1. Any idea how far apart Gln148 and Arg40 come out in nm if each label point goes 7 Å out from Cα toward Cβ?
2. Please work out how much accessible surface Ile123 shows to a 1.4 Å probe, ignoring ligands, DNA and RNA, in Å² rounded to 10.
3. Treating cross-link reach as a plain straight distance, find the aspartates and glutamates whose alpha-carbon is under 12 Å from the alpha-carbon of Lys84, omitting any fewer than eight places away in the same chain.
4. Positive end of the charge dipole of region 358-469 (Lys, Arg +1 and Asp, Glu -1 on Cβ, about the Cα centre): tell me which of Ala453, Asn418, Leu466 has its Cα farthest that way.
5. Ranked highest first by the average count of other Cβ atoms within 10 Å around their residues, in what order do 277-288, 125-136 fall?
6. Beyond a 19 Å Cα-Cα separation, which of these cross-linked pairs lie in this structure: Lys106/Lys247; Lys397/Lys535; Lys115/Lys224; Lys313/Lys361; Lys106/Lys153; Lys16/Lys115?
7. Please report the carbon-and-sulfur percent of the accessible area for the chain; probe 1.4 Å, protein heavy atoms only, DNA, RNA and ligands left out.
8. Could you state the angle between the C-alpha long axis of helix 210-222 and the longest principal axis of the C-alpha atoms of the chain, as a value from 0 to 90 degrees rounded to the nearest 10?
Amino acid sequence: MEVRELDLSSKSGFMKDYIAGSEGSERFLDYSLMDDGRFRRRSDELLSRAFQREQLADYFTSVHTCLSYNKQAMVQIEKLRNSKSVVVVGGQQAGLLTGPLYTVYKAMSIIVLAKQQEEQLGIPVVPIFWIAGEDHDLDEIRYVYREQKGQWKKHMYDELSNAKSASSVKLDRQTLQSWLNDVFASLPETAYTNALIKTLEEFAENSMTYVHFFTRMMNWFFGKEGLLLLDAHDPTIRMLEIPYFEKLIDDVEELQAAQNRGAQAFKKAGYGEPIVTEVENAHLFLDINDERKRLDYQNELFKVRGSDVTFSKKELLALLHAQPERFSNNVISRPLMQEWLLPVLAFVSGPGELLYWATLKDVFNHFDMKIPPIIPRLQATFVPKAIERWLSNSSYKLEPILQGEMEEIREAWLTEVNPFPVHEVASKVRQNIRNEHTPLRKLANEMDPTLAALSEKNLTIIESQLVFLEQKMERFVRETHHHTLSKFNEAGHWLSPLNRPQERIFHPLLLINIIGIDEFQRFISNDVSLEPSHKILYL
């Protein structure tokens, strides 16, 4: 696999300013991307804080003992017990088949950065993937795109559950197997397909929940690299988080005010509103009758949104100590919980995450913490060999295609090679017919209302026949150039599916089915650059 880099950076916005190290963006974060000494300073700062290392290590041991590559995991777990160790962390929801490729690229970035910083700092650096198992928006995680009749269509896992967290939703094995069979049927058969099917069927057979299935897949991909997997909604983790939830409950007014200040400042700076929420949002969730419900805080009371259930601070704290597993974080409080729980050297973020983290400086600072160095994840597009050959032979550049401009490129080519000006001639004829038909309609209108209506209908029929002929002629032109147009369409189909970044539509099995798991893991083990450029993976 050959890796090249392209500059597809944002032309404007916070991401552009952050990468460039502009003063306007840096005031929203505690560490500059341009500061070469940020990791050293960050690791030194973490030495002054205490973490529940032994308990975390025991948790990871219980998780990875049951998974393959447990020896590699144990090496990382022992590092975590070291009081000088730090972690690189990033996370995602537990999507089926891991969700889009950007989940895989985020994990790769975590591993690469941990390796690099362990070597540079001379201290243990542990890669951790934070699985947002508490997430209850199952519509975001219960589908993948698959190919149907040359189009990418959502393929949904149909079993639904009412607002339950991904960690607690039971997967029906028969339904899951049927869903997987449909995914497999859409894959082109390669030398790796049968082994891929067998592996996924085994994972499905041994997975009870979305998180179990996700964990097995991520461990299959990254276990050799020692990536540790943390389910944020595991009851063991919730027990460790009790003192941190206490802080969020006790200081809820300050949390609300700090979040609002940060969001308003970010908006005022011209960077938009990555998070829009009501001022009463307490930034916590509570399980009520097996459903995850948002908590609001107003007039000195916590209220379960959409109900009459309320708690005082004292009552909610008592419930926390009795049943911590019922509590979970939202997008605002999750970064705080991650910071309290783990010695975070760096956080690996996606483009959207970077925006909302940049609104949280006041929130972190209120709790006497700094936002950790934020490293944008690797962004990539893989290019199958057939597409690479076509690009090489046609001399088209990748950049506009990856930016969703394939349709414009294709139509510009067709216009250039087409000797028949069908649209221009048809438009001229259409206008001439309207002009010539006007006196007839005018006369009909003078004679009788019924004839007037008939004349309008007559014009419509004539114009519809003209449209019919125009479409037939345009179809003839396209059929004449069908072979070349199909090459354009195939390139767009793979490189910019649905005119969106490939990493947001494709799931990793599409890639592994082409190159195999061994080649995929070899790519992971390489020292890929985390510079903010777009990686092109030539297969």
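1. 5.7 nm
2. We get 40 Å² for Ile123.
3. Asp44, Glu45, Glu118
4. It is Asn418.
5. Top to bottom by mean Cβ count within 10 Å: 125-136, 277-288.
6. On the way: Lys106/Lys247 30 Å; Lys397/Lys535 15 Å; Lys115/Lys224 13 Å; Lys313/Lys361 25 Å; Lys106/Lys153 24 Å; Lys16/Lys115 26 Å.
The answer is Lys106/Lys247; Lys313/Lys361; Lys106/Lys153; Lys16/Lys115.
7. Working: 12440 of 25170 Å².
Result for the chain: 49 percent of the exposed heavy-atom area is carbon or sulfur.
8. Taking the Cα atoms of the chain, the angle to 210-222 is about 90 degrees.
The values are calculated or read from the model by the stated rules, or taken from the named source; none is laboratory data. What you see is a predicted model, and the numbers here were worked out from it, not measured in a lab. Here Cβ is always computed from backbone atoms with ideal geometry, including for glycine, and neighbour counts include all displayed protein chains. Heavy atoms of the whole protein, side chains included, go into the accessibility calculation; ligands, DNA and RNA do not. Shrake-Rupley method; radii C 1.70, N 1.55, O 1.52, S 1.80 Å.
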